[in-house]
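Before any comments, here is the structure.
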Amino acid sequence: MSPAVASPWLGRAFVLALVAHGAIVAVMLTAAVWLAGVRVGADSAPDGVGFSLLMAVPVLLAATPSGVALLSAWMCRRKGWQASPTHMALTTGSAALFLILFFGAYFT
């Protein structure tokens, strides 16, 4: 069995995917901080910091896959390793899937 060979565009797509993952994490963290700080909720919801943080948890859960992708790329770079073609393809595919789902839900 031969090792996986990266296509020439995969490296550039990987970098763009990392930028997209960074943007996703930044937007989600900003939304979670805003949600926890403003305490936006129903009128009958209990008021308090704990409930505001509880409302921010689902927003942070949406950023988890992107955070994992960024952390794995950072750990590879820190150790001096190069990402494998499979790692680059998974990172690129997950960013593309997230953007397709986001824009698909936004425009329908």
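The values are calculated or read from the model by the stated rules, or taken from the named source; none is laboratory data. Computed from a predicted model, the values in this text were never measured in an experiment. Because the Cβ atoms are built from the backbone with ideal geometry, glycine has one as well, and the counts that use them run over all protein chains shown. Side chains included, ligands, DNA and RNA excluded: accessible areas come from the protein's heavy atoms. Shrake-Rupley method; radii C 1.70, N 1.55, O 1.52, S 1.80 Å.
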### Task
Keeping to region 56-108, report how many residues are β-branched (Val, Ile, Thr) and open to solvent by 40 Å² or more (accessible area, probe 1.4 Å).
6
### Task
Could you give me the residue pairs with C-beta distances under 8 Å whose first residue belongs to region 53-66 and is over 12 Å from Ala26 (Cα atoms), whose second residue is at pLDDT 85 or above and buried (at least 16 other Cβ atoms within 10 Å of the Cβ) wherever it lies, and which are 6+ apart or on separate chains?
Pro65/Ser94; Pro65/Phe98
### Summary
Taking first residues from region 85-108 that are more than 19 Å from Phe14 (Cα to Cα) and second residues anywhere that are hydrophobic (A, V, I, L, M, F, W, C), the pairs with Cβ under 9 Å that are 6 or more apart or on different chains are Phe102/Ile24
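Residues are listed down the side, and each one gets a yes or a no for (1) farther than 19 Å from Gly93 by Cβ; (2) at pLDDT 85 or above:
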site	(1), (2)
Val25	no, yes
Leu29	yes, yes
Gly37	yes, no
Ala42	yes, no
Met55	yes, no
Leu61	yes, yes
Arg78	yes, yes
